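Enquirer: One structure, pasted below without further comment.
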Amino acid sequence: AQTVTQSQPEMSVQEAETVTLSCTYDTSESDYYLFWYKQPPSRQMILVIRQEAYKQQNATENRFSVNFQKAAKSFSLKISDSQLGDAAMYFCAYMTAGNMLTFGGGTRLMVKP
Amino acid sequence: NAGVMQNPRHLVRRRGQEARLRCSPMKGHSHVYWYRQLPEEGLKFMVYLQKENIIDESGMPKERFSAEFPKEGPSILRIQQVVRGDSAAYFCASSPVVGTGGSPLHFGNGTRLTVT
């Protein structure tokens, strides 16, 4: 069974600074997908970024980028120029056949003005 | 284009009552997934359905919980004889045809169930 681990329960960043959220996963599959989702207090699950395991190039979406290390099974999220609206729970997730997601336990990100 | 619609947004039930949670997937999506989120935890997979079929229910508790996705109408997650431990946020997600893989799931806003 796949597992996803987020070792940082909480992180804090100053507005306009950069922060990196960690995620590791365990799998025996070679073909899979990785995601970061954001969950603000409204409870909505918002897709932040997606990475295909067969692609070596790290995904980027505006201020959000990932550092995907397949051999190390690591998938960290970097948020640049942090904004107050980035404050939320962030969940790392793994997807394989059937489009089913396995989530990590989450990291609460606080942004200080 | 409406997203995944879940209702009710909040549901309060007394111990022993039944809870029915509804989910209408995005237009054109025929695959529905239910997840449960306990306070301060990540989402845990419960069940995966297509129209009139349960594909994977490996995350569903063996008793009191059932799910369906009929040919017409929304998907229903049903919890019989609720207990306090069932209090959680229940999320529904949908996706289009599965096969190419990696299609992001689109989530509803969840139903928060409180058992008193």
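Enquirer: Using all alpha carbons of the range B:39-105, what is the percent of pairwise distances in each 10 Å bin, ordered from the shortest bin to the longest?
Expert: Whole-percent P(r) values from 0 Å outward: 17, 49, 29, 6.
Enquirer: List the aspartates and glutamates whose Cα lies under 13 Å from the Cα of A:LYS55, skipping any in the same chain that are fewer than 8 positions away.
Expert: In chain and number order, the partners are A:ASP31.
Enquirer: Determine the shape class of the range A:13-66: with a ≥ b ≥ c the square roots of the Cα gyration tensor eigenvalues, call it rounded for a/c under 1.5, and otherwise prolate if a/b is greater than b/c, oblate otherwise.
Expert: prolate
Enquirer: Give me a single rounded figure for B:105-114: the average over its residues of other chain Cβ atoms within 10 Å of their Cβ.
Expert: 3
Enquirer: Can you give the FRET efficiency to the nearest 0.05 for A:THR20 and A:GLN57, using r as the Cβ-Cβ distance and R₀ = 22 Å?
Expert: Here the calculated transfer efficiency is 0.75.
Enquirer: Just the Cα atoms of chain B: what Rg and Dmax do they give in Å?
Expert: Rg and Dmax of chain B, Cα atoms, are 13.5, 44 Å.
Enquirer: On to the next question. Indicate the residues belonging to the range B:43-59 that lose 40 Å² or more of solvent-accessible heavy-atom surface (probe 1.4 Å) upon moving from the chain alone to the assembly of all protein chains, ignoring ligands and nucleic acids.
Expert: At a threshold of 40 Å² (probe 1.4 Å), the residues of the range B:43-59 that become less exposed are B:LEU43.
Enquirer: Could you report the range B:1-83's accessible area per residue, 1.4 Å probe, as an integer in Å²?
Expert: 58 Å²
Enquirer: Students often check this: by mean Cβ neighbours within 10 Å, which of A:34-47, B:4-17 ranks highest, and how do the rest follow?
Expert: A:34-47, B:4-17
Enquirer: Turning to a different aspect of this structure: I'd like to know which of B:ALA93, B:PRO8, B:GLY28 lies farthest towards the positive end of the charge dipole of the range B:7-100, counting +1 on Cβ of Lys and Arg and -1 on Cβ of Asp and Glu.
Expert: Result: B:PRO8, furthest along the dipole toward the positive end.
Enquirer: P(r) of the protein assembly as shown in 5 Å steps, Cα pairs, percent per bin?
Expert: Calculated over all Cα pairs of the protein assembly as shown, the distribution is 1, 7, 14, 18, 18, 16, 13, 8, 4, 1, 0 percent.
Enquirer: Can you give the relative contact order of chain A as a percent, counting alpha carbon pairs under 8 Å and 6+ residues apart? Before the final figure, lay out the partial values.
Expert: On the way: 275 pairs, mean separation 42.8, N = 113.
Computed value for chain A: 38 percent relative contact order.
Enquirer: Given all pairs of different Cα atoms, what value in angstroms does the Kirkwood hydrodynamic radius of chain A take?
Expert: Radius from the Kirkwood sum: 14.1 Å.
Enquirer: Compute a Gaussian network model of chain A, connecting alpha carbons closer than 10 Å, and tell me which residue from A:SER22, A:SER76, A:SER12 fluctuates the most.
Expert: Between A:SER22, A:SER76, A:SER12, it is A:SER12 that shows the largest mean-square fluctuation.
Enquirer: With r as the distance between the Cβ atoms of A:MET110 and A:SER30 and R0 = 35 Å, compute the FRET efficiency 1/(1 + (r/R0)^6) and round to 0.05.
Expert: E(calc), rounded to 0.05, equals 0.45.
Enquirer: Which value, in debye to the nearest 20, gives the size of the charge dipole of chain B about its Cα centre, when Lys and Arg are +1 and Asp and Glu are -1 at the Cβ?
Expert: That gives a dipole near 420 debye.
Enquirer: Ignoring ligands, DNA and RNA, please state the percent of accessible area on the protein assembly as shown from carbon and sulfur, probe 1.4 Å.
Expert: The computed percentage sits at 47.
Enquirer: Compute, for the protein assembly as shown, the length of the dipole vector about the Cα centre, with Cβ point charges of +1 (Lys, Arg) and -1 (Asp, Glu) only. Units Debye, rounded to 20.
Expert: 720 debye
The values are calculated or read from the model by the stated rules, or taken from the named source; none is laboratory data. For clarity, every value in this text was computed on a predicted model and none was experimentally measured. Positions of Cβ are backbone-derived with ideal geometry, glycine not excepted, and every protein chain shown enters the neighbour counts. These accessible areas exclude ligands, DNA and RNA; they are computed on the full protein's heavy atoms, side chains included. Shrake-Rupley method; radii C 1.70, N 1.55, O 1.52, S 1.80 Å.
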